[in-house]
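The values are calculated or read from the model by the stated rules, or taken from the named source; none is laboratory data. Model, not experiment: these values are computed from the prediction. Positions of Cβ are generated from backbone atoms using ideal geometry, with glycine treated the same way; all protein chains shown enter the neighbour counts. Each accessible area value is taken on the protein alone, full model and side chains, heavy atoms only, with ligands, DNA and RNA left out. Shrake-Rupley method; radii C 1.70, N 1.55, O 1.52, S 1.80 Å.
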Amino acid sequence: MMNSTVKTVSILGATGSVGQSTLDVISRNPNSFKVIALTAYSRVEELALAAKQFRASLAVIGDESKFGKLQELLAGTDIEVASGEKAIIEAASRPSDIVMAAIVGAAGLRPTMAAVRRGATIALANKECLVCAGELLMAEVEEHGATLLPVDSEHNAIYQVFDFNAAESVSRLVLTASGGPFLGRRRSELSAVTPSQAVAHPNWDMGAKISVDSATMMNKGLEVIEAYHLFPVEKRQIEVVVHPQSVIHSLVEYHDGSVLAQLGSPDMRIPIAYSLAWPGRIEVPVKRLSLAEIGTLSFIEPDYDAFRCLALARDAMMLGGAAPIILNAANEIAVDAFLKERLGFLEISALVEESLARCDMKAPQSLTNVFEIDAEARRVAQALSASFA
Ligand code: NDP
Ligand code: MG
């Protein structure tokens, strides 16, 4: 019989950076967690390996052409296998105490919603789903009594120091940003940067898409929108400060002038462990923070001219409705084209801006509307991307 203190966990996006860090945390606390479902999109070998190592009950590969391979790799085990988007949604719907939502992009929205609708505790890394459907998702969280624990380091920091019993006494949220690999460069110095330079983040080791988002600072823009949905504050109360050392993960200012922050080494296993163990805590072998070793912490205003994506995201949040969906969809198309060297670095923000100008801004009333706006924005952005190239 299973120990009642063992929590069951399903990981959506198990082969990614956050997914693998989650498995690492679980492997160091084998008596606290049991893996139920693991999902991936293309990395079938890594998925099969993790499913075997963690004795998962279900492994799902999104890319249906890899189903045969997955079957082959897991033949002779009692691990159930499946493929396709529906099967990923089914994996999220299957009973488990915690769902780690770590798929990248708007593709994570349907599976995350499925976990919300069964009232699960969701460790949410997939920020794009809040950007696209924040109002709808949060309403369903409320309706189904789900629990949303932010994994994104900034939001996890805020969550740890936000007094939800006295939300009206919060005057400001300050999100810290590392500034990415191009911090300090002017706009004119960014035109020729390459994908390999953009994904080489100074502090964090992350998936390709979020690494490019960090380089353009779209990541911080998406996070501003994410914070607006996660915490009961006004849009104007959310600020960004560049903090290159990534030691202070974000701050909450109260009316009395007190500022509370969460600090730690820049290691995603810290917020991941927090979300898995919540409301308790577990031990993680991360580098301990030595302030004397770090010596100096610095802070700078963001450069909204060089990092135009940050300004575009804030504008999209202020507009609301369809704007954040279009922003996100166009950005996903632009980042993909940039990574394939079909678009220049500065064209990422240009493509997002032009897509916002061309798409219909009617606010979504339902999840179906969200997907319609997303699909239309992708079509517009794809066409623009071809014309830019
Ligand atoms: P990765 O690119 O490393 O991993 C993404 C995961 O999602 C992989 O398992 C991938 O499968 C899967 N996936 C990709 N496309 C699809 C799809 N269409 N359907 C189903 N699954 C899919 O991303 P990260 O781990 O870096 O990021 C995941 C999310 O967490 C993002 O939203 C990101 O913004 C957020 N986040 C990440 C942080 C980090 O440190 N990495 C920090 C804070 C937030 P496969 O690889 O097998 O194709
Ligand atoms: Mg973050």
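What a 1.4 Å probe finds exposed on the chain is 50% carbon and sulfur by accessible area, rounded to a whole percent.
Surface exposure of segment 7-150, expressed per residue as accessible area with a 1.4 Å probe, stands at 39 Å². Largest accessible area first, the listed residues Lys340, Lys86 line up as Lys86, Lys340 when surface is computed with a 1.4 Å probe on the assembled protein chains. Spacing of the modelled spin labels on Glu85 and Lys287, each 7 Å from Cα toward Cβ, amounts to 4.0 nm. Could you compute the FRET efficiency for Phe299 and Ser258, with r as their C-beta to C-beta distance and R0 at 22 Å, rounded to 0.05? Between Phe299 and Ser258 the formula returns 0.75. Taken along its three principal axes, the alpha carbon spread of the chain comes to 59, 51, 41 Å, from the longest extent down to the shortest. Under 20 Å from a label point 7 Å along Cα→Cβ of Lys235: give me every residue in segment 329-366 with its amide N that close. The answer is 329-331, 352-366, whose backbone nitrogens lie closer than 20 Å to the label point. Close lysine pairs were tallied over the chain: pairs 8 or more places apart or on different chains with Cα atoms under 20 Å apart number 13. Highest mean packing first, where packing is the average number of other Cβ atoms within 10 Å per residue, the peptides 184-192, 118-126, 301-309, 329-337 line up as 329-337, 118-126, 301-309, 184-192.
Applying 0.36 nm per residue to the separation of Ala139 and Arg117 and subtracting their alpha-carbon distance, the gain on full extension is 6.9 nm. The helix-only estimate of mean residue ellipticity at 222 nm for the chain, built from DSSP H runs of length n ≥ 4 each weighted as -39500 (n - 2.57), is -14000 deg cm²/dmol after division by the residue total.
Label-to-label distance, Asn29 versus Ser387, with points set 7 angstrom from Cα along the beta-carbon direction: 5.1 nm.
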